[in-house]
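Student: Next up is a structure, given as structure tokens.
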Amino acid sequence: MDLGIAGRKAIVCAASKGLGRGVAEKLAAAGVHLTLNARGAEALEATAADLSERYAVSIKTVAADVTTEQGRAQLLETEPAADILINNAGGPPPGMWTDWSEEAWLKAVGANMLTPIMLIKAVLPGMIERGWGRVVNITSSSVKAPIGNLGLSTGARCGLTGYVAGTARQVAKHGVVINNLLPGMHETDRLSGRIESDARNRGVSYEQARADLAASIPTGHLGRAQDFGAVGAFLCSEHVGFMVGQNVLLDGGMINATF
Ligand code: NAP
């Protein structure tokens, strides 16, 4: 399917690896010019080199922490007229409600709620002026079904979800569409870390813990970054002009719910 976005310009945050990279790759395949971000320059440059070898799009890189004001300013200076914004950053650490300090909460809210909100606020005026824009926020299945030890992540992302619900409806008449994409269990470095710690806690091998996790998902396998990327790129396409403020769950049916 032609996504109808060739020649558009996208900022993709936290995109040297994992889900952000998955979306960047599918956008590049659709002919979108990219500004890619991550903190570590080495992996970021390697990703940019790999994508520019395979796709005829221009790729700029910004090695910076997107959760800082300075990092966001660098991104917006590098690409001041983004048509597409993919919001993403690392998630807060797991833990127990008894341990989470005010400082930990402020950090989580800063990274996973205020960072995307500030970037959205910065790109919307240009998108509205040009009469076209797409924003996709990578959040988590935990906004639909909580995961006990990921309360910091869930709390911050639910705040973002509430903001998007209202804001998406205010800008839709200008051709600007904002949606959230909710990953379930996708096999990335982050998930590998969780599988490792599950294996340690249960005294089983990594392979066993991975197989058990996969078996708990109706598809029988973990999600893949490239499949996530394909859905992410579709949410940036011409075809989603009537799809406003939605929370698209991509979890292989893991959450057992009718809606
Ligand atoms: P990942 O494989 O660990 O990749 C994270 C990417 O983000 C890397 O490129 C990393 O590069 C970059 N990054 C992290 N923090 C950053 C920051 N502050 N500024 C700029 N770049 C940053 O993670 P992932 O699995 O793709 O997850 C992406 C997001 O989805 C996370 O918020 C995660 O919590 C959420 N999520 C993932 C899953 C899943 O199954 N994978 C499920 C639910 C939610 P640098 O380290 O070099 O910065």
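Student: From the list Ile117, Ile147, pick out the single residue that is surrounded by fewer than 21 Cβ atoms within 10 Å (Cβ to Cβ) and under 14 Å from the mean Cα position of the chain (by Cα). Walk me through how you get there before you give the answer.
Tutor: Details: Ile147 fails: under 14 Å from the mean Cα position of the chain (by Cα).
Unique residue meeting the criteria: Ile117.
Student: Please verify whether the range 110-133 includes one or more residues that are among the hydroxyl-bearing types (Ser, Thr, Tyr), under 21 Å from Val240 (Cβ atoms), in contact (Cβ under 8 Å) with a residue 24 or more places away in the chain and not in a strand (DSSP E or B). Please lay out each step first, then the result.
Tutor: Here is the first cut: in the range 110-133, the ones among the hydroxyl-bearing types (Ser, Thr, Tyr) are 115.
In the following step, the residues that additionally are under 21 Å from Val240 (Cβ atoms) were identified as none.
So far as the range 110-133 goes, no, none of its residues is among the hydroxyl-bearing types (Ser, Thr, Tyr), under 21 Å from Val240 (Cβ atoms), in contact (Cβ under 8 Å) with a residue 24 or more places away in the chain and not in a strand (DSSP E or B).
Student: So, one more: When you scan the range 166-180, how many residues do you find that are assigned to a helix (DSSP H, G or I) and more than 20 Å from Gly131 (Cα to Cα)?
Tutor: First, the residues of the range 166-180 that are assigned to a helix (DSSP H, G or I): 166-174.
Remaining after also requiring more than 20 Å from Gly131 (Cα to Cα): none.
Residues in the range 166-180 being assigned to a helix (DSSP H, G or I) and more than 20 Å from Gly131 (Cα to Cα): 0 in total.
Student: Where the second residue is exposed (fewer than 14 other Cβ atoms within 10 Å of the Cβ) and the first is assigned to a helix (DSSP H, G or I) and lies in the range 194-205, which pairs have Cβ atoms under 8 Å and are six or more apart or on separate chains?
Tutor: Taking only residues 6 or more apart or on different chains, the pairs are Ile195/Tyr206; Glu196/Tyr206; Ala199/Ser205; Ala199/Tyr206.
Student: Quick one: is Leu27 more than 30 Å from Asn149 (Cα to Cα), in contact with a Leu (Cβ under 9 Å, 6 or more places away or on another chain) and aliphatic (A, V, I, L, M)?
Tutor: Details: more than 30 Å from Asn149 (Cα to Cα): yes; in contact with a Leu (Cβ under 9 Å, 6 or more places away or on another chain): yes; aliphatic (A, V, I, L, M): yes.
Yes; evaluated as a whole, the condition is true for this residue.
Student: Let me ask another. Anything in the range 1-36 that is touching a helix residue (DSSP H, G or I) at 6+ places or on another chain (Cβ under 7 Å), free of Cβ contacts under 8 Å to residues at least 40 places away in the same chain and either within 17 Å of Arg134 (Cβ to Cβ) or charged (D, E, K, R) (or both)? List them, or say none.
Tutor: We begin by selecting, within the range 1-36, every residue touching a helix residue (DSSP H, G or I) at 6+ places or on another chain (Cβ under 7 Å); these are 3-5, 10-19, 21-28, 30, 34-36.
With the extra rule that they be free of Cβ contacts under 8 Å to residues at least 40 places away in the same chain, the set shrinks to 16, 28, 34, 36.
Once the filter is applied, which keeps residues that are touching a helix residue (DSSP H, G or I) at 6+ places or on another chain (Cβ under 7 Å), free of Cβ contacts under 8 Å to residues at least 40 places away in the same chain and either within 17 Å of Arg134 (Cβ to Cβ) or charged (D, E, K, R) (or both), the range 1-36 yields Ala28, Leu34, Leu36.
Student: Would you mind stating whether Ala104 is in contact (Cβ under 8 Å) with a residue 24 or more places away in the chain and either of a type in the set (Lys, Arg) or crowded, with 21+ Cβ neighbours inside 10 Å (or both)?
Tutor: On the way: in contact (Cβ under 8 Å) with a residue 24 or more places away in the chain: yes; either of a type in the set (Lys, Arg) or crowded, with 21+ Cβ neighbours inside 10 Å (or both): no.
In short, no.
Student: Scan the range 56-79 for residues that are near the ligand (Cβ under 10 Å from one of its atoms) and small (Gly, Ala, Ser) and jot them down.
Tutor: Ala63, Ala64, Gly71
Student: Could I ask something else about it? Can you name the condition, by its number, that Pro146 falls short on among (1) in contact (Cβ under 8 Å) with a residue 24 or more places away in the chain; (2) in a loop (DSSP other than H, G, I, E, B)?
Tutor: Only one criterion is unmet by Pro146, namely (1).
Student: Just the residues that are more than 13 Å from the ligand (Cβ to nearest atom) and either farther than 21 Å from Pro92 by Cα or within 20 Å of the chain's Cα centre (by Cα) (or both), please, taken from the range 187-215.
Tutor: Arg202, Gly203, Val204, Ser205, Tyr206, Glu207, Gln208, Ala209, Ala211, Asp212, Ala215
Student: With respect to Gly133, is the statement that it is out of contact with any helix residue (DSSP H, G or I) (no Cβ under 8 Å at 6 or more places or on another chain) and away from the ligand (no atom under 12 Å from the Cβ) true? Give the derivation first.
Tutor: Details: out of contact with any helix residue (DSSP H, G or I) (no Cβ under 8 Å at 6 or more places or on another chain): no; away from the ligand (no atom under 12 Å from the Cβ): yes.
So Gly133 does not fit the description; no.
Throughout, read-outs are computed from the coordinates displayed, never taken from laboratory work. As the structure is a prediction and not an experimental result, all values here were calculated from the model. Positions of Cβ are generated from backbone atoms using ideal geometry, with glycine treated the same way; all protein chains shown enter the neighbour counts.
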